[in-house]
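The values are calculated or read from the model by the stated rules, or taken from the named source; none is laboratory data. Because the structure is predicted, anything quoted here is derived from the model rather than measured. Cβ atoms come from the backbone with ideal geometry, glycine included; neighbour counts cover every protein chain shown.
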Number of protein chains: 4
Amino acid sequence: MVMHFFSDNATPVNPQVMAAIAAADRADHGYDGDQWSARLDAAFSALFETPVSALWIATGTAANSIALACLCPPYGGVICHEEAHIVVDECGAPGFFTHGAMLMALPGEGAKLSPEAVMNRLSTIRPDVHQVPACAISITNATEYGCVYTPQEVAALGDVARAHGFGFHMDGARFANAVAHLDCAPADLTWRAGVDALSFGCVKNGGMIGEALLFFGPQREARAAQAARFRKRSGHLFSKGRYLAAQILAMIDDGLWLTNARAANGAAQALARAIPTRLMHPVEANELFVRLDAVEAAALRAQGFDFYDWGDGAARLVTNWSQDAASVAPLARALQALDDG
Amino acid sequence: MVMHFFSDNATPVNPQVMAAIAAADRADHGYDGDQWSARLDAAFSALFETPVSALWIATGTAANSIALACLCPPYGGVICHEEAHIVVDECGAPGFFTHGAMLMALPGEGAKLSPEAVMNRLSTIRPDVHQVPACAISITNATEYGCVYTPQEVAALGDVARAHGFGFHMDGARFANAVAHLDCAPADLTWRAGVDALSFGCVKNGGMIGEALLFFGPQREARAAQAARFRKRSGHLFSKGRYLAAQILAMIDDGLWLTNARAANGAAQALARAIPTRLMHPVEANELFVRLDAVEAAALRAQGFDFYDWGDGAARLVTNWSQDAASVAPLARALQALDDG
Amino acid sequence: MVMHFFSDNATPVNPQVMAAIAAADRADHGYDGDQWSARLDAAFSALFETPVSALWIATGTAANSIALACLCPPYGGVICHEEAHIVVDECGAPGFFTHGAMLMALPGEGAKLSPEAVMNRLSTIRPDVHQVPACAISITNATEYGCVYTPQEVAALGDVARAHGFGFHMDGARFANAVAHLDCAPADLTWRAGVDALSFGCVKNGGMIGEALLFFGPQREARAAQAARFRKRSGHLFSKGRYLAAQILAMIDDGLWLTNARAANGAAQALARAIPTRLMHPVEANELFVRLDAVEAAALRAQGFDFYDWGDGAARLVTNWSQDAASVAPLARALQALDDG
Amino acid sequence: MVMHFFSDNATPVNPQVMAAIAAADRADHGYDGDQWSARLDAAFSALFETPVSALWIATGTAANSIALACLCPPYGGVICHEEAHIVVDECGAPGFFTHGAMLMALPGEGAKLSPEAVMNRLSTIRPDVHQVPACAISITNATEYGCVYTPQEVAALGDVARAHGFGFHMDGARFANAVAHLDCAPADLTWRAGVDALSFGCVKNGGMIGEALLFFGPQREARAAQAARFRKRSGHLFSKGRYLAAQILAMIDDGLWLTNARAANGAAQALARAIPTRLMHPVEANELFVRLDAVEAAALRAQGFDFYDWGDGAARLVTNWSQDAASVAPLARALQALDDG
């Protein structure tokens, strides 16, 4: 039994992904000249029901930053949530890749941006050279608090982006969890809702190394070409890219990405049902933020459960692809016991 | 039989490295908080007979650039060879990571820098704010032309670096091949010769993903801390870093790095012996640059050998860890036949 | 009568400054090799009663950004007020000069930072590589709302800076107005209170072109040398720097800077006395933020007074060195008439 | 008599320029919102017989760098001469403003680029992401060695630029001297020859502070808008820009720029005639590079003439707007005496 609930980064690699790595372990062209890398565009185009330009990228941080560098000039601003990963957990990577663009961070429930908050922020920007102009919007789906934007919510922000000529980026480190929760078409949550660039996460969902960066729409090829430059220039063009491409293909080829995300989401729901009154945010993906005092946290840890504290009196529990409702039952019982006790 | 001679990036992963990946495939802390990453400093310190601060890094390009960013300010210059990988094959990555430092590219036989060339270049720089001051020296060992600097040659450049207060970086994408050629202590070729930072290559030598960046000397910890910032900030801090650390450890733990490099070097020597008069540079590592006209190149390709043209009338042949003298005998015979014919 | 109240940038050049320009109009060495530039360190050292390293700089934006680039690495953060000029009026210049450092913007009454707000923000930053570490504090004195930090208030922030090893920068675009208001020693408001770098404003206070950037303390020479590199590298090393140095010297040599600031402050006080109940912030320098509806604003403009609206129902009035209480009497009367009417 | 021949930066300001500054010394809008700044486009459009978008810029270094940042992406390269000011005298400013673009420096007689040299360099660049693609060409006219490109020579490079889709920049710190030498239309030397952006120098030619950056052609407005962002972001948007605009207008309004350049060129010719056999480059502008041994140099300095040594056995003499053939007669005689002696 996996007792770790501190991060979906802690999990091992899904066996199907590991098998794909082994299958790619033969001579082929270097960088992204191999047969696996060559299949990415087609595979993602099929999955998203539209032409997609796709690149493998080392990490989610790199995928996010390269996407933003393609959507925002150095003197521009990116509207985002104040709790977004790009703001608080990337050591300023967007500033590095964009050469100093400003993150325009806004509050919002569940780490979600609202069109109203965006419009209010825009109203404060004078159209002169003294002020940084907003040039892009970036959202995370599922959010950093485990909440999910619906296609309608994304589209409402997409409308704002289109109306202002902004690029629209989605950090999808847990995109699979969002789609699994909504049971919608990936297209509905992205390009049909105005998204131009998606960081498509794999590692938290069972991969070893490698995420995908996807571009949609008429500018997808130009942006992907620019992203390929940024990827090389930032030291992200691996010599043996086939080992990344193969993982990504394994993840999407037969729906593994959704199978994995459903398992993780299901495990989270099982935990959520155990402690409905302790939840600080709706549980819509694979993260739970729960009220838990120090004594309770210590009690759980004494039983072998590990997780991160989330400030005073709260904790974050993260489930993952290798779990399901059954496998997290011991923690569910332990949590329930806190309230029953 | 492997017929590819176009790149050591084309080879599969060494089985021992693949086994190490499998052994690391269990839950542990994310990023570099795992037990494998924690062992890197000690493993490299033992190998180099001195305290070493080591980080895994995605690629050689990233390792080189992060090293340079730790050794040179944005307004400084890096003295290097005009054929260096950092100059011609990294899409300007050093400019990106250093925020615009200037590469001061010099000529030199076999892609090797000489102390005289460096001193001559330094003599042209006025010590005023109008000119970019040199702040670091970077060399590649083995060089881009498959030549090897001896410890004495490195030390002569190290003396120049120390005398001027410059940082001294070695791009060791093929460091293993250089050490295997010289049969010297790794220490002699690096910190004992004044090297401050080494990009220690693994991928060309049998790894899948991941190189090591090593810092030596009294500033090693401060520089490694800075490099850790740059690594995160450039999107290179993998969520599951243990899969990189495990590869690197597998490579050095039992001398696999030298075993592999000796095989590749031996294969190159076997080819070199077949065509001594066609060689454009001494063959000291795993690369051969050979005079070959278009008809000859076509004849070889018709026999199933693949390699890169190197301008008009020349070709580059690269051997790798999965080969040895025996396995390249068919190409050796085919080459010899060109001259015998 | 000067009817403009929209900016202290709109005013002509003080005659003594213009005379100094004329006096410098003869052949001398280029850049900062001239006799006027050579006098800056001594002149500011006398004024501040401590050794000062001083550079002329084109603009306040450049002075602020170059100062921050000397105090904060690219992966660091600068704690500042959310209404600070560096945040809202410099088109991201700090991000450009620092290569992407993050502005950590905090609220605070009158555009003033409090030590409590700073400490609260610091408490949210985890000491790991994922988060941007705070590395500097920047305040504006007088603030963007015309309020003045006392020496005690500056020192309280200086204590926080020193305790954390942060650099401490003061944007003194209206430093003269602050000193004139407090009637204190310039030293008390700066280095004695922990300030490392001061953007010493001249242009708003009667200069034509050129501000001064001052460094205090034991690192002043190293930082000034670095700033000189940044100044050249950013295109700010004028060919004929003597025309800037002469202006700055004229401003400080016989107390002109305080004479001018007292005039501007006096004019502001005269206006403040006319409309005490309309003031949105204490009037401590040469700016007034006043509640004024659209009808009232139109009425004033119809009488020939010009000023900027400040959002709905408010206006900003700026006085300058060329005015005094008498010269602004017409506006004072017109303002008073609004309330009497 | 002015005895300085070390730099045209050493000269005082032309009286007509000084008068223009005085005339601008009254209240107007700040930044570039004033009436003088508003006239720049029209004035330069008339001078160049085509629509021009013009900005005042602090220095030639800034004008060059901002131009290049508008013509070349961060991952691109700028083809230029290895002795160009942007390469050797700007402390890496182009790398700063372009965020790391590479200067591709080529040799060439008299600091002039030839189309052949450019084409040869281009032939070495592979069209893959590993190599920096050339994106712009920059030349200096008159060159750093006082030589002048003819309209035909510029057009030949312009053809290369257009054929490859490159931007084409001219550093015209001494553009006036080039036009005066050729007695051609400014248009013939610039946009009619394919130039997209011109740094139009004023300071060396009698100005105090401020150069102009001009954009030609169909993209001129978009590029000027981008340049305006870069200008603000780099701290170059002066609060009182009218004092720069007025100088530039004074320079071009009645042909003062050519009058001044003709005087400087004439003085240079007078010196050149005195020592035809010592000249290292054709004298086509206001600079002479002359063979002069240490004893001769000392002898001249003993007579009160000042100039820079130019390596061993050579010196650089620079004439300026305040001189003419008569005023440099003493130096001409002294030079002649060296050979007669």
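Does the stretch B:307-325 hold any residues that are within 21 Å of the chain's Cα centre (by Cα) and either under 9 Å from B:Phe6 (Cα atoms) or part of a loop (DSSP other than H, G, I, E, B) (or both), and which are they?
Scanning the stretch B:307-325 gives B:Phe307, B:Tyr308, B:Trp310, B:Arg316, B:Leu317, B:Val318, B:Thr319, B:Asn320, B:Trp321, B:Ser322, B:Gln323, B:Asp324.
Do you know which residues across the stretch D:252-286 are aliphatic (A, V, I, L, M), assigned to a helix (DSSP H, G or I) and within 26 Å of D:Val17 (Cβ to Cβ)?
Correct list: D:Ile252, D:Leu256, D:Leu258, D:Ala261, D:Ala263, D:Ala264, D:Ala267, D:Ala268, D:Ala270, D:Leu271.
I'd like to know if the stretch B:145-159 contains one or more residues that are more than 16 Å from the chain's Cα centre (by Cα), modelled with pLDDT under 95 and of a type in the set (D, E, K, R).
No, there is no match, as no residue in the stretch B:145-159 is more than 16 Å from the chain's Cα centre (by Cα), modelled with pLDDT under 95 and of a type in the set (D, E, K, R).
Can you go through A:Ala299, A:Ala274 and tell me which one is surrounded by fewer than 18 Cβ atoms within 10 Å (Cβ to Cβ), touching a residue at least 24 places away in the same chain (Cβ under 8 Å) and over 21 Å from the mean Cα position of the chain (by Cα)?
Answer to the selection: A:Ala299.
For the stretch B:176-196, enumerate the residues that are buried (at least 24 other Cβ atoms within 10 Å of the Cβ) and touching a strand residue (DSSP E or B) at 6+ places or on another chain (Cβ under 6 Å).
B:Thr190, B:Val195, B:Asp196, listed by residue number.
For the stretch D:267-292, give me each residue that is of a type in the set (A, V, I, L, M, F, W, C) and in contact with a helix residue (DSSP H, G or I) (Cβ under 8 Å, 6 or more places away or on another chain). Reasoning before the result, please.
Taking the stretch D:267-292 first, the residues of a type in the set (A, V, I, L, M, F, W, C) are D:267-268, D:270-272, D:274-275, D:279-280, D:283, D:285, D:288-290, D:292.
Answer for the stretch D:267-292, where residues must be of a type in the set (A, V, I, L, M, F, W, C) and in contact with a helix residue (DSSP H, G or I) (Cβ under 8 Å, 6 or more places away or on another chain): D:Ala270, D:Leu271, D:Ala274, D:Ile275, D:Leu279, D:Val283, D:Ala285, D:Leu288, D:Val290, D:Leu292.
Considering only the stretch D:36-51, I want to know if a residue exists there that is under 30 Å from D:Leu103 (Cα atoms), within 21 Å of the chain's Cα centre (by Cα) and among the small types (Gly, Ala, Ser).
There is no residue in the stretch D:36-51 that is under 30 Å from D:Leu103 (Cα atoms), within 21 Å of the chain's Cα centre (by Cα) and among the small types (Gly, Ala, Ser).
Could you grab me the full set of residues in the stretch C:1-19 that are away from chain D (no Cβ under 11 Å) and small (Gly, Ala, Ser)?
C:Ala19
Among the residues in the stretch A:210-225, are any more than 30 Å from A:Arg162 (Cα to Cα), more than 14 Å from every other protein chain (Cβ to nearest Cβ) and among the hydrophobic types (A, V, I, L, M, F, W, C)?
no
Picking from D:Ser7, D:Ser37, D:Ser53, which residue would you name as being outside the structural domain of D:Ile125 (by TED's automatic domain parsing), in contact (Cβ under 8 Å) with a residue 24 or more places away in the chain and of a type in the set (Gly, Ala, Ser)?
Details: D:Ser37 fails: outside the structural domain of D:Ile125 (by TED's automatic domain parsing); D:Ser53 fails: outside the structural domain of D:Ile125 (by TED's automatic domain parsing).
Within the list D:Ser7, D:Ser37, D:Ser53, the selection yields D:Ser7.
Looking only at residues that are modelled with pLDDT under 95 and of a type in the set (A, V, I, L, M) in the stretch C:303-327, which one is nearest to C:Asp183 (Cα to Cα)?
C:Ala325
Filter the stretch C:232-252 down to residues that are within 21 Å of the chain's Cα centre (by Cα), at the interface with chain D (Cβ under 7 Å from one of its Cβ atoms) and among the small types (Gly, Ala, Ser), then give me how many there are.
Qualifying residue count for the region: 1.
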